[in-house]
Each structure stands twice: as C-alpha cells, then as structure tokens.
Amino acid sequence: MMTPRECFHAAMNHEQPDRLLIDMGKHIGSIHRRAYVRLKDYLGDETMVNENKILDRMAQTVVPDESLLRRLDIDFRWLVPHWVQVTERDDIPGYIDMWGVPYKAAGDWDHCVVDGAPLRQATLENIDDFQWPDPHDPDQFRGLREKAKRLFENTDYVIGADAIKAGVLMNSLQMRGYDRFFMDLIIDKPFAEALMDKILWTLKEMWSRYLEEVGPYVQLVYLTDDLGSQTSLLISPKLFREMLMPRMKELHDHIKSLADVKLMFHTDGAVLPLIDDFLAMNVDILNPVQTSVTGLEDTFALKESFGDRLCFHGAIDVQQVLPNATTEELEQEIALRIYDLGRDGGYILAPCHNIGHDIPPQNVITLFEKAREFGRDPAGLKKIVETGRSYFNRNR
C-alpha cells in the first residue's frame, strides 16, 4: 500500500493513487469549537481535549487532537504560524490583528467579524506612516522547524505549511474598507497599487522566513484570498488581471523559488472564469471547490476542463449538504465528488470550509468513513452516482 506521501506525489502527477487522500485540520478546513465538543460527546472520546485550543480566532475553529486525526484517518499534518502582534481589545470582546484590523466577537464568541478599517482615511502621502506588521518577528514561526523535521522523519503524512492568514485582496479590503478599496481600484489606482505592494512585500518577507524554517520538510503550502461571492466574482476578470494577478503571481513564484512544494490556493466563491488565470499564477491545487456556488456545481465538467492541469481540494459542501443531508444523501454526494474529481488522481477530499456548529456529528463521521471506503476505487462508484447526480439537484 502506498504511503500518504506517495499517494500525494501520484495524485499531483495526475496518476491514480491506491487510495484517495483525505484532509482536515488546517485553518480554513478545521472544526468549530462547539461542533468539536458535540463530536467528542458523540464519540465518547475523552482524549479529545483541544476544544479550547483555538486555531483560527476569527472562525473559532480548534486544533484537532492527534487522536481524532488518526481516528478519521487523515493523511495530512499542518504546520500553523503562531498568532503574533495581536492586541486584545479592552472596549468590547475581540482583538486587533497584526495588520491593525479590529475584530469583535459575534454572539457567544461563535466567530469574530471585522469592526473597522484602519486605513480608511489614509492617503498615498501617509500610507508609510501606518504601523505595518514586523515580517521578521521570530515568534511567528518559532518551533515549526523542529515539528516539521519530526513529522518528516518519523511519519509518512503529507506535511503542509498552513497559510499566513492574509492575502493581497483580502487584506486590502479589510484595511481600507470594502467600499473604499473597490473604488480605489477604479478611481485611485496609485493608492490601490501602493497598498497592495506594501502587503505583497510583507507577505514575501514572511514566507521567506517561514520556508527558511520548514521548507526542507513540507510538500505543499497553502495560500488564501477570496475572489468570489456565491454568484459572481468580486471584481471583473479584466480588473483582476490588471491589478491583482501580477502581484499574486509574484507571491506564488517567490514561494516556489524558496522550496520544492506544490501550491494550494484558497478562494471562496464563483471563480470559474479565473481558473485559467490561476494556472498561469503557478497554482497546483484549487481549494475549496465550493459546489454550492454558481459555475462549480458540475464537478464532472470541472475535471474534464481542467483536470489534466489542475488538482482539486475540498468539494464537500458545508453550507447545505453536511448540515442537512440524510445519511443516504451524504453517501451519494461523497461518491459523486470522488467519482467526478478522483479518477486519474488529482483530488484531495475535504470539507470545502470549516465544519460548522450546525453540522451533526454523525454526518462528520459518515463523511470521513465513506470517503475512505469509496476512495479506494473512484471509477467503481458509477452505479452509486447514477442514482442522483447531486444533492442540490435532488433538493431544489
């Protein structure tokens, strides 16, 4: 039997591994702390003690216990940068991140939302006066080299460098304000370019330090940004190609110059019109393949169009399918996505985003158990798939 690392190399070369790769546990792709407690109770597993070990403060997801990762037979282990240069708010529950963006807690700390834009009134003349993050903070990646080396030498897991939680577009929108930055892209391009270039330089410096620590041991890196909504792109393809694509490609090329890694790029939303651009940006794996959005419902067509050039990660919907599907519907959905995307390699199954507190624990277990069962023979799932092409078509 192939090891997870051997399966990864085969899948990335568009060759059929002897079993499907399964992932869970990175900062966009873990489990909400309340869902974690329910899963722990459902399993009766007292070794799951990490419900208060927060992975992503905004989403309130947790670092999964090793016992759970083994129980679910997860093939990946993720190295996560430390939250540094964060200030706790004293006015309301929340925090200010390293980019100066304030967050406030929503509900009972179910998640946090952006609560202001620190550069809303900034100008081209004073943008350098802002207190930018220190990209050389030694605490950001402290201890990750030792963890990476230990995993590389003592396990066969695929080792990933989890994302530095920032992106050229995402940070520009949060720091400037969504309305202001969208206008900047049209009517104040010098400011938009200056802001994006400052973010790009900071991220390149951080990634240089990150991969200096873990580069010899990791097989892939994860980058995040968001370019789409449920039904459309956030900006036009023309504007993306003019303003964002060159900077994003520069970051991707820089990372790949530092280590022999595959690059997994996260963007939510209806991004089908940009997939050829992602390939030109040195992207190897597209995450999350959000099947609930316009244009990405048909994963068979997606594989036919791009599957010889691009790999896919995710595709198990967390908005409608995992919260609402019956066991039979969920099994059909899992079989469908594995059949569509997993034939001839090139697919890593995972929830397309975090496992939220509205997802029943039994559906979480069904997901990973059936993924392992069905993933041994993707092409053999045709009969199951023929009973219903998609959860969304069956439940309209």
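The values are calculated or read from the model by the stated rules, or taken from the named source; none is laboratory data. Not measured: the values here are computed from a predicted model. Here the Cβ positions follow ideal geometry from the backbone for every residue, glycine too, while neighbour counts run over all protein chains shown.
Restricting Gly295, Gly307, Gly314, Gly345 to residues that are among the small types (Gly, Ala, Ser), crowded, with 17+ Cβ neighbours inside 10 Å and more than 23 Å from Ser232 (Cα to Cα) narrows the list to Gly345. Restricted to strands (runs of 3 or more DSSP E) entirely inside the range 49-121, those with at least 1 residues that are under 19 Å from Leu223 (Cβ atoms) and either touching a Cys at 6+ places or on another chain (Cβ under 7 Å) or in contact (Cβ under 8 Å) with a residue 60 or more places away in the chain (or both) are 54-56, 76-79.
Residues that are in contact with a helix residue (DSSP H, G or I) (Cβ under 8 Å, 6 or more places away or on another chain) and in a helix (DSSP H, G or I) were ranked within the range 1-40; the one that is surrounded by the fewest Cβ atoms within 10 Å (Cβ to Cβ) is Arg38. Restricted to strands (runs of 3 or more DSSP E) entirely inside the range 197-299, no element has at least 2 residues that are on the phi > 0 side of the Ramachandran plot, without any contact (Cβ under 8 Å) to a residue 60 or more places away in the chain and of a type outside the set (A, V, I, L, M, F, W, C).
Considering only the range 306-330, state which residues are farther than 30 Å from Met281 by Cα, of a type outside the set (A, V, I, L, M) and touching a Phe, Trp or Tyr at 6+ places or on another chain (Cβ under 8 Å).
Gln320, Glu329
Please identify the pairs in which a residue from the range 369-381 that is on the phi < 0 side of the Ramachandran plot has its Cβ atom under 6 Å from the Cβ atom of a residue that is among the aromatic types (Phe, Trp, Tyr) and surrounded by 17 or more Cβ atoms within 10 Å (Cβ to Cβ), counting only partners at least 6 apart or on another chain. Listed by first residue and then by second, the contacts come to Pro378/Tyr339; Leu381/Tyr339; Leu381/Phe374.
List the pairs whose first member sits in the range 312-339 and is among the basic types (Lys, Arg), whose second member is surrounded by 21 or more Cβ atoms within 10 Å (Cβ to Cβ) and assigned to a helix (DSSP H, G or I), and whose Cβ atoms are under 9 Å apart, counting only residues at least 6 apart or on separate chains? Once the first residue is among the basic types (Lys, Arg) and sits in the range 312-339, its partners that are surrounded by 21 or more Cβ atoms within 10 Å (Cβ to Cβ) and assigned to a helix (DSSP H, G or I) give Arg337/Thr299. Of all residues being surrounded by fewer than 19 Cβ atoms within 10 Å (Cβ to Cβ) and acidic (Asp, Glu) in the range 69-95, which is farthest from Met1 (Cα to Cα)? Just the residue, please. Filtering the range 69-95 for residues that are surrounded by fewer than 19 Cβ atoms within 10 Å (Cβ to Cβ) and acidic (Asp, Glu), the one farthest from Met1 (Cα to Cα) comes out as Asp91. Once the range 109-155 is narrowed to residues that are more than 26 Å from Tyr178 (Cβ to Cβ) and touching a Lys or Arg at 6+ places or on another chain (Cβ under 8 Å), the residue that is surrounded by the fewest Cβ atoms within 10 Å (Cβ to Cβ) is His136. Checked against (1) surrounded by fewer than 20 Cβ atoms within 10 Å (Cβ to Cβ); (2) closer than 23 Å to Thr224 by Cβ, Val158 meets all criteria but (1). Only residues that are within 19 Å of Asn287 (Cβ to Cβ) and loosely packed, with under 15 Cβ neighbours inside 10 Å were counted in the range 193-247, giving 2. Which residues, taken from the range 345-389, are in a loop (DSSP other than H, G, I, E, B), under 23 Å from the mean Cα position of the chain (by Cα) and either at pLDDT below 95 or closer than 24 Å to Gln219 by Cβ (or both)? Listed by number, the residues that qualify are Gly345, Gly346, Cys352, His353, Asn354, His357, Gly375.
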